[in-house]
Amino acid sequence: MSEPIRLADHRKRGRSYVSFDRYELRQLLNVYSRRVAAGEWRDYAIDLQMGSAVFSIFRSTFDSPLFSISKHRHGRHCHYMVFEGPEKLKHGKSIDEVLAVFDQKPYLVALSQ
């Protein structure tokens, strides 16, 4: 007869999935819902991976993400980053710090004549 195998003995130790906690999700969805109400954004996705979690924001369902907010775990501490496509806009140690990017008012850079 075969013997049962303990799956815990064969899993990778020390690596766990990173996820957003309740407070972080509330902050992310608060920013998201304001922009949906303004008609700027339409869809989002959450990817949970080993070592990172990513909240992606889309203008439409078939586009690539406009913005991505990622959470990376380094030991006991987490780092947050906001990307606009491949460009990193902001990084910080708290979700509130990086989400402040979305509260800034746009400004005119140059006026062409």
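Read the figures in this text as sums done on the coordinates, not as results from a lab. Keep in mind that this is a model prediction, so the values were computed, not measured. Positions of Cβ are backbone-derived with ideal geometry, glycine not excepted, and every protein chain shown enters the neighbour counts.
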Selection of chymotrypsin sites (Phe, Trp or Tyr not before Pro), the range 1-82, meeting DSSP coil and at most 10 other Cβ within 10 Å: PHE62
Could you state the angle between the C-alpha long axis of helix 22-37 and the longest principal axis of the C-alpha atoms of the chain, as a value from 0 to 90 degrees rounded to the nearest 10? 40
Could you list ILE46, ILE5 so that the one with the fewest beta carbons within 10 Å of its beta carbon is first and the one with the most is last? ILE5, ILE46
Evaluate the charge dipole of the chain about its Cα centre and quote only its size in Debye, nearest 20, assuming +1 on the Cβ of each Lys and Arg and -1 on the Cβ of each Asp and Glu. 360
Relative contact order (percent) for the chain, with alpha-carbon contacts under 8 angstrom and 6 or more residues of separation? 17
Under the Karplus relation with 6.51, -1.76 and 1.60 and θ = phi - 60°, whole-Hz ³J(HN,Hα) for the range 49-61, x at Gly and Pro, equal 10, 5, x, 7, 10, 10, 10, 9, 10, 10, 6, 9, 5
Debye equation applied to the C-alpha atoms of the chain, log10 I(q)/I(0) at 0.18, 0.20 Å⁻¹: -0.95, -1.12
